[in-house]
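Peer 1: Let me give you the structure first, and then I'll get to my questions.
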Amino acid sequence: MELNQQEAELFIPDGQEQDNALSRTTELCIAAHQDDIEIMAYGPIVSCYGREDKWFTGVVVTDGAGSPRSGVYADYTDEAMKKIRTREQIQAAAIGKYAAQFLLSYPSSHVKNAKNYDVVKELAGIIEMCNPEVIYTHNFADKHDTHVAVALRVIAAIRMLPKEKRPKKVYSLEVWRGLDWLCDEDKSVFDTSSHRNLAAALLGVYDSQIAGGKGYDLAVLGRRSANATFCADHATDDSDSISYGLDITPLIENDSLDVTDYTVNYISNFKREVVTRIASFE
């Protein structure tokens, strides 16, 4: 398929013909930046790893130009960083044995502009071609502006499609704000405990981010471990590594649902739980 941006790429790790590579996709993750996929969607990645009946495809929407940098990368220009981050994402896709990896190369400003429909239309086309059973994206309570914008574009893209071409499920995942605050009954739990070497390798390829000033490799593995330990207060651990998600499927089942209202409802649930617990012991 022809992609909109001049620098955009479609990488297929095992060299399959494009239509075959995309049509085998069962899990599709649409993320803002290079490394977001490996941070938030390791559960789906590892659930597909080494299988022939389940395949993971990644989509990175932005070009990654504005990332912070220090050390050996301190003097790198935005153009140089874009090329490095693209290579890192391609390497991660090869290590993770993805079905395919899209790099759409939009500037963040384009994605954050709600009146720019090019992003939405392109995402809708990718979703239609891949026809995944499940889509994963950022959560609307994330504190990174571009992450929230991408999540909104994903919902808009799915809503462009007829109901029969939409995925069965959509989950929003944690990156710049964890989802441990959700009430337990509202959490979707993804087991990230298997293939620890793969988890480390997928994060470790992003040297431009880690050596460049952000310790994502240790932070992400630590969060997953902490999630597992603090998941249940009166039970032993079922897993030593988990990540959290929120099921946002109702937003694509009912197009009239407002994203803000839907998200704030979970915040209200959390508030109600806190108030009720405090009141029980006063």
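The numbers here are math on the coordinates, done by the rules we state, and not lab data. Everything quoted here is computed from the prediction, not taken from an experiment.
Peer 1: Calculate log10 I(q)/I(0) of the chain for q = 0.14, 0.17 Å⁻¹, where I(q) comes from the Debye formula with a single equal point scatterer on each Cα and nothing for solvent.
Peer 2: -1.01, -1.48
Peer 1: Only helices at least 24 Å long along their own axis, judged from Cα atoms, and with Kyte-Doolittle mean hydropathy of -1.0 or greater: name those in the chain from DSSP H.
Peer 2: Numbers: long enough: 78-95 (25 Å, -0.69); 259-280 (32 Å, -0.13).
Qualifying helices: 78-95, 259-280.
Peer 1: How big is the antiparallel share of DSSP beta bridges in segment 9-280, given as a percent to the nearest 5? Walk me through the numbers on the way to the answer.
Peer 2: On the way: 10 of 28 bridges.
Around 35 percent antiparallel, to the nearest 5.
Peer 1: Roughly speaking, what is the stretch gain from residue 232 to residue 159, that is 0.36 nm per residue apart minus the C-alpha to C-alpha distance, in nm to one decimal?
Peer 2: Details: separation 73, 0.36 × 73 = 26.28 nm, distance 3.58 nm.
Value of the extension gain: 22.7 nm.
Peer 1: Also, quick follow-up: Amide H to amide H, which residues 5 or more places from residue 171 or on other chains are under 5 Å from it, using H placed in the peptide plane?
Peer 2: The list, which skips near neighbours in sequence, is 135, 136, 137, 248.
Peer 1: Now for a different question. Collect residues whose amide H, placed 1.01 Å from N in the peptide plane, falls under 5 Å from the amide H of residue 188; neighbours closer than 5 in sequence don't count.
Peer 2: Amide H neighbours of residue 188: 245, 246, 247.
Peer 1: Using Cα pairs closer than 8 Å and at least 6 residues apart in sequence, work out the relative contact order for the chain, in percent. Numbers along the way, then the final one.
Peer 2: Details: 488 pairs, mean separation 61.7, N = 282.
Taking the mean separation of contacting Cα pairs over the length of the chain, I get 22 percent.
Peer 1: What residues qualify as long-range amide H neighbours of residue 99, i.e. H under 5 Å apart, gap of 5 or more or another chain, H built at 1.01 Å from N?
Peer 2: The list, which skips near neighbours in sequence, is 56, 57.
Peer 1: Through the Karplus equation 6.51 cos²θ - 1.76 cosθ + 1.60, θ set to phi - 60°, convert the phi angles of segment 136-142 into ³J(HN,Hα) values in whole Hz; use x for Gly and Pro.
Peer 2: For segment 136-142, the Karplus-derived couplings read 10, 8, 6, 9, 6, 9, 4 Hz, x marking Gly and Pro.
Peer 1: Which of the lysines could be linked to residue 165 by a straight reach, that is with a Cα gap under 25 Å, when you skip same-chain ones fewer than 8 residues away?
Peer 2: 54, 115, 121
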